[in-house]
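One structure is given here, and the rest of the page talks about it.
The values are calculated or read from the model by the stated rules, or taken from the named source; none is laboratory data. This is a predicted model, so every value here is computed, not measured. Heads up, the Cβs are rebuilt from the backbone with ideal geometry, glycines too, and the neighbour counts pull from every protein chain shown.
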Amino acid sequence: IDKHLRRNKLGLTVRDYEGVMSTLCAGCGHDSVTAAFVQAFHEMNLEPHRAAKVSGIGCSSKTTAYFLGQSSGINSVHGRMPSVATGAAAVNPELYYIGVSGDGDSLSIGIGQFAHAIRRNLNMLYCIENNGVYGLTKGQFSASADIGTRAKYGEVNEQPPIDPVLLALSLGATFVARGFSGDKKQLVPLMKAALAHKGFALIDIVSPCVTFNDHAGSTKSYAHTYEYYHPVIHADFVPEEAEITAEYQDGGAITVPMHHGGNVTLRKLDRDYDPRDRDQAFQLLRTREGSEVLTGLLYIDETRPD
Ligand code: SF4
């Protein structure tokens, strides 16, 4: 049977969880995030009307139109999505609040709102579709671009990036994860775990901009082309309660040649990595992030009230 026609326990097909047709560039990572949302909701047997979608401005913020067409949503003001989500959640705490944002929306104009949503442990799933550029305004560097990243028209970024994962950990977020738009096997379980979490759940999603990312001049990791990322990002740790489907491999290092020369080393989290240990998460990110991209559930605190 066509997987799109397979019915879940509610009798709904994947099609019932889709939205309007995407107008993003063909191949944009954000459309893969959309597909992951659709799959996660379908597999969790959630009724579409129980979700509320909130977003700001940017290519990323258009994503909410492309899934759960039968649920409510608002495309709000640049960087102000967390305020809208806070107000809505205060009025109706029964819904699943899903915020989709970008690195520009969250880490520049909206960074104050992002910080206070975390501080309040607002009960929502907050996804950042992170590509290091402002795609909607023709590819300027965002605050998550690496030093040394080269833009499409040749400029080189000289400012250090803000890492939303480290920032969220510092601010006391109770669920902190990173995924990759090209790896649904990992991203869907992360989304399901985040939706089940009571409190603020961040998933920073590396989501390539196929129009404006150009990794040829970059010196290290972050968020760029599929060619760059596919060999280096793998499934890591997510808790068993989330009905894990992501595959593990035992710890160990692999060295991957990069298309612009040099190598990047990947070391997966060990099976016994404990995401309830915040200090360990900090330590891991500080020691590994210089040459690697870590994905998976890095931290969870199920004790703090939302
Ligand atoms: Fe996606 Fe980049 Fe196109 Fe925006 S400009 S839709 S981020 S590929």
Of (1) of a type outside the set (G, A, S); (2) crowded, with 24+ Cβ neighbours inside 10 Å; (3) in a loop (DSSP other than H, G, I, E, B), H30 satisfies all except one. Which? (3)
So if I check each of V14, V38, which one is more than 21 Å from S55 (Cβ to Cβ) and either without any contact (Cβ under 8 Å) to a residue 12 or more places away in the chain or away from the ligand (no atom under 16 Å from the Cβ) (or both)? V14
Residue hits (segment 138-160; aromatic (F, W, Y) and surrounded by fewer than 20 Cβ atoms within 10 Å (Cβ to Cβ)) are Y153
Flagged in segment 148-177 as of a type in the set (F, W, Y) and farther than 20 Å from N123 by Cβ, in numbering order, are Y153
Pairs please, first residue from segment 186-205 and under 17 Å from R120 (Cα atoms), second anywhere and at pLDDT below 95 and acidic (D, E), Cβ atoms under 7 Å, 6+ apart in sequence or on different chains. K198/D306; G199/D306
